[in-house]
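The values are calculated or read from the model by the stated rules, or taken from the named source; none is laboratory data. Owing to the predicted nature of the structure, the values given are computational and were not obtained by experimental measurement. With ideal geometry, Cβ positions are generated from the backbone for all residues, glycine too; neighbour counts draw on all protein chains shown. The protein model used for the area step is the full one, side chains on, heavy atoms only, and it has no ligands, DNA or RNA in it. Shrake-Rupley method; radii C 1.70, N 1.55, O 1.52, S 1.80 Å.
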Amino acid sequence: MRNIVTGNWKSNKLWNDAEKLMDDVATGILESQHTDVFVAPPTPYLAALQAQSTDLIGLAGQQCSAHLEGAFTGEHTASMLKSVGVKAVLIGHSERRGGFGENDSVVEVKIHHALDAGLLAIVCCGENLEERDAGQHFEKVLTQLSHAFQNVDTSKMIHVVVAYEPIWAIGTGRTASAARAQEMHAAIRKHLVELFDAPTAESTRILYGGSCKPSNALEIFMQPDVNGGLIGGASLNALDFLAIVAASNEAASKEQQGG
Ligand code: PEP
């Protein structure tokens with residue numbers, strides 16, 4: 001299966017720098033045989049950056065509204081993203097869950113809006129440090145996913161990607177070890193078998209996110225249940241992001257060759 005690498009620029013870069021970063025990334029990706037690449041710039045830039053997106057690099061939204069069109073000042077809907085050429089959207093990022101009231105119910109609604117709009121829904125999950133230290137990390141993540149997917153039809157799962165992002169690893173420089181990432185990814189895949197079925201679980205891409213960088217990307221992506229990454233800080237530097245995409249291509253190519 002093809003990996004996915006998505007860069008999440010968060011609230012970084014003024015327009016001129018954003019345009020240059022997109023240009024540097026788009027011109028740097030000459031081919032990406034085994035990885036679908038997306039970048040999620042700040043929302044105001046999406047429509048303009050569409051001109052620089054190519055078959056090899058698509059745009060993603062960092063979030064979408066839980067509402068449909070109407071009197072919701074400041075919100076943007078999944079359909080609006082779609083209408084300016086966006087292909088994917090992050091849903092339930094821990095910074096949205098923690099800072100903007102995006103609880104499990106809101107996440108669930110947003111997934112349906114994204115799927116109805118024809119977007120790829122990149123659904124984020126992950127435990128905080130307290131939950132990890134208390135040994136509650138599996139329960140936390142699997143409960144988040146049970147809630148998120150409770151009303152998603154199996155046939156729609158082809159348009160869903162899971163991103164496991166331990167909160168204690170986001171932006172901290174503290175990455176989950178490859179073994180820890182694999183352990184959680186395997187648990188997520190097993191859970192998807194229970195929620196859906198084995199073929200669906202097998203074909204759902206599960207990305208790792210949390211201080212992923214060129215120096216650790218290959219080891220993480222080589223894990224059997226890791227299908228790419230959601231990249232924050234390192235996606236703000238074109239060369240770092242391109243190196244991570246290259247690591248994903250290498251890992252996926254080795255996997256296809258059987259190791
Ligand atoms: C993220 O916020 O999705 C993320 C993975 O950030 P970072 O790579 O900076 O840890």
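Picking from residues in the range 202-222 that are within 15 Å of the ligand (Cβ to nearest atom) and assigned to a helix (DSSP H, G or I), the one that is surrounded by the fewest Cβ atoms within 10 Å (Cβ to Cβ) is Ser215. Examine the range 171-179 for a residue that is of a type in the set (Lys, Arg) and open to solvent by 40 Å² or more (accessible area, probe 1.4 Å), and state whether such a residue exists. Among the residues of the range 171-179, at least one is of a type in the set (Lys, Arg) and open to solvent by 40 Å² or more (accessible area, probe 1.4 Å), which makes the answer yes.
Restricting Lys190, Lys213 to those that are at negative phi and free of Cβ contacts under 8 Å to residues at least 24 places away in the same chain reduces the list to Lys190. Considered as a group, the residues in the range 76-102 that are within 16 Å of the ligand (Cβ to nearest atom) and open to solvent by less than 20 Å² (accessible area, probe 1.4 Å) include one that is farthest from Ala47 (Cα to Cα), and that residue is Glu102. Restricted to the range 103-168, the set of helices (runs of 4 or more DSSP H) holding at least 2 residues that are within 16 Å of the ligand (Cβ to nearest atom) comprises 129-133, 137-149. Contact map, the range 222-247: first residue among the polar types (S, T, N, Q), second residue within 11 Å of the ligand (Cβ to nearest atom), Cβ cut-off under 6 Å, separation 6 or more or different chains; pairs are Ser235/Gly7; Ser235/Phe241. Scanning the range 223-259 for residues that are part of a helix (DSSP H, G or I), modelled with pLDDT of 95 or more and not aliphatic (A, V, I, L, M) yields Gly233, Ser235, Asp240, Phe241, Ser248, Asn249, Glu250. Please determine, by comparing only the residues of the range 170-201 that are small (Gly, Ala, Ser) and more than 16 Å from the ligand (Cβ to nearest atom), which one is modelled with the lowest pLDDT. Only one residue fits best here, namely Ala179. Counting only helices (runs of 4 or more DSSP H) that sit completely within the range 1-83, those holding 3 or more residues that are without any contact (Cβ under 8 Å) to a residue 12 or more places away in the chain correspond to 15-28. Number of residues in the range 169-201 that are part of a loop (DSSP other than H, G, I, E, B), closer than 24 Å to Asn8 by Cβ and not charged (D, E, K, R) equals 7.
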